[in-house]
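Below: one structure, written as structure tokens.
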């Protein structure tokens, strides 16, 4: 099941928050949503960087951090070969992996931004949104895409 909503992704009540990042051990977590996550939940970035530096995070892979304490769980999707551009093959593989993982583990809900359509530079209307609808519809997990993320929701 997929829903498109307006709101602040960082205040999501879903079980997990997912986001797209570059593959490998690149240090590109200092901008956009990644920066906001690392400021609010520093342990997430620390754990992810430790994993990424192991060399086991390639295009289309996903990395999971279970919920802990007062924070949701996180899913990082390797949607970008570099810090500046997402690719549709990486995004397709990552979304398939997210869907399979969610079904296998009985995940109730996952919040997502417009993965790949912001800093990743893919077209939201013609590429990313249709792909999300194709790959995240039909399962028991509720995928909530924060399609409208305005300044007023960040205050």
Just the residues that are assigned to a helix (DSSP H, G or I) and either surrounded by fewer than 18 Cβ atoms within 10 Å (Cβ to Cβ) or in contact with a helix residue (DSSP H, G or I) (Cβ under 7 Å, 6 or more places away or on another chain) (or both), please, taken from region 77-105. 88, 89, 91, 92, 95, 96, 97, 99, 100, 101, 103, 104
Determine, yes or no, whether residue 135 is free of Cβ contacts under 8 Å to residues at least 60 places away in the same chain, closer than 13 Å to residue 16 by Cβ and in contact with a helix residue (DSSP H, G or I) (Cβ under 7 Å, 6 or more places away or on another chain). no
Restricting region 19-39 to residues that are assigned to a helix (DSSP H, G or I) and surrounded by 12 or more Cβ atoms within 10 Å (Cβ to Cβ), which is modelled with the lowest pLDDT? 32
Considering only region 111-127, state which residues are surrounded by 13 or more Cβ atoms within 10 Å (Cβ to Cβ), out of contact with any helix residue (DSSP H, G or I) (no Cβ under 7 Å at 6 or more places or on another chain) and closer than 12 Å to residue 86 by Cβ. 120, 124
Could you count how many residues in region 49-64 are at negative phi, surrounded by 15 or more Cβ atoms within 10 Å (Cβ to Cβ) and either at pLDDT 90 or above or touching a helix residue (DSSP H, G or I) at 6+ places or on another chain (Cβ under 8 Å) (or both)? 6
Within region 49-84, work out how many residues are closer than 17 Å to residue 118 by Cα and in contact with a strand residue (DSSP E or B) (Cβ under 8 Å, 6 or more places away or on another chain). 8
Looking at (1) in a loop (DSSP other than H, G, I, E, B); (2) in contact (Cβ under 8 Å) with a residue 40 or more places away in the chain, can you tell me which one residue 74 breaks? (1)
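The values are calculated or read from the model by the stated rules, or taken from the named source; none is laboratory data. Bear in mind the structure is a predicted one, so any value in this text is a computation, not a measurement. Ideal geometry is used to build each Cβ from the backbone, glycine not excepted, and the neighbour counts take in all protein chains shown.
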